Amino acid sequence: MKFGVNTLLWTAAFDREHLGLLPRLKERGFDGVEIARFDFNGFPVADVRRALESNALGCTFCSALTGSLSLISDDASVRSAARKFLEDGIRIAADLGAKIFTGPFLSPVGYLPGRRRTEEEWRRAVEGLQSLGPVLAANDVTLAIEPLNRFETYFLNTAADAVALCEAVEDPRVGVLLDTFHANIEEKQIGEALRSLGRHLKHVHTCENDRGIPGSGHVEWKDVFSALQAVGYDGWLVIESFGFSIKEIAAAACIWRDLAPSVEAIADEGLSFLRSSFSLSRAV
Ligand code: LER
Ligand code: MN
């Protein structure tokens, strides 16, 4: 298992000015960093890769469809812009040295049309994801699609639907990211959801139920770790929360209060908790 932390704790757009974070994260015991960017223009990929390598840190790459980008729109030009965005993201992931490109990649985050998804939208999702296959293979990257809770998307909320989507896509490079924050809202039991994902589970966001310090709330971590062991998951566990005082992030993620004494506490105390929970789960 590899332990990482998402840069959204510190910034909405990771850039050169944030490279100073990396030695600190290494020193605190992280194996890697999940770099987050929503706008790829001007992203200094080569500099970021060099800094990750010189700090002996691995990475994953995270983004989201925002604004008008949608892989399931009824407008073909919108779908094709979303496909281009995702292809660019896959190439950036590879250039960073990441094997995982992850996030909510079907419908824009926060878009709630006030109805259920349609069969036509489902078909476009399957086709859109299938169309990424050659770029994923050429770059040796896996796409981990993130179901979000019902207040952030109407399109994909549960592990069961994510499995159905992967089985329709039939590409081993298209799998699922389970985020314990969203799963805590949508699943009966997070452990069961993880077990049901099986081989489709490609990535995990380890978040407390309030996006505070992992281990400080009511997520059933014992069950999470035993389920991860049961499905033979050996990928990344990435702590994800959001900077409380960064306006764009606070607005996008609905963070209206401090979730912990500091964002560093979420990273550092979260890491100690997750590492010891992981060790305990192996000892059973
Ligand atoms: C992103 O990983 C996430 O979990 C969302 O809630 C924010 O887009
Ligand atoms: Mn997440």
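Every number in this text was worked out from the coordinates using simple rules, so none of it is lab data. What you see is a predicted model, and the numbers here were worked out from it, not measured in a lab. Reconstructed Cβ throughout: ideal geometry from the backbone, glycine too, with neighbour counts over all protein chains shown.
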*asked:* Residues of region 207-229 with backbone nitrogen within less than 12 Å of a virtual label 7 Å along the Cα-to-Cβ line of Ala283, please, listed as ranges.
replied: none
*Mind jotting down the distance between the C-alpha centroids of region 1-43 and region 96-118, whole Å?*
21
_What does the extension gain come out to for Lys247 and Ala137, with contour length at 0.36 nm per residue minus their alpha carbon separation?_
35.9 nm
*What's the lysine pair count for the chain at a Cα cut-off below 22 Å, pairs eight or more apart or interchain?*
10
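Net charge within 12 Å of Val204 by Cβ-Cβ distance, Lys/Arg positive one each and Asp/Glu negative one each, not counting Val204 itself?
Once all neighbours under 12 Å are counted, the net charge is -3.
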*When the helices in the chain are scored as -39500 (n - 2.57) per DSSP H run of 4 or longer and the sum is shared across all residues, what 222 nm value do you end up with, to the nearest 500 deg cm²/dmol?*
-13000 deg cm²/dmol
*Using only alpha carbons, build the gyration tensor for the chain and give me the equivalent ellipsoid semi-axes, biggest first, whole Å.*
26, 22, 19
*Can you run phi through the Karplus equation (6.51, -1.76, 1.60; θ = phi - 60°) for region 245-259 and list ³J(HN,Hα) in whole Hz, with x for Gly and Pro?*
10, 9, 3, 4, 5, 4, 5, 5, 9, 6, 9, 10, 7, 6, 8
*Simple spin-label model, 7 Å along Cα-to-Cβ: Leu112 to Trp256 in nm?*
1.3
*DSSP-assigned coil residues among trypsin sites (Lys or Arg not before Pro) in region 78-147, each with at most 13 further Cβ atoms within 10 Å*: Arg115, Arg116
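Evaluate E = 1/(1 + (r/R0)^6) for Ala76 and Ala46, where r is the Cβ-Cβ distance and R0 equals 30 Å; express this FRET efficiency to the nearest 0.05.
0.30
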*For Arg16 paired with Glu192, estimate the spin-label separation in nm (one decimal), with each label point 7 Å from Cα along the Cα-to-Cβ line.*
5.2
*What FRET efficiency, computed as 1/(1 + (r/R0)^6) with R0 = 41 Å and r the Cβ-Cβ distance, is obtained for Glu170 and Ser226, rounded to the nearest 0.05?*
0.90
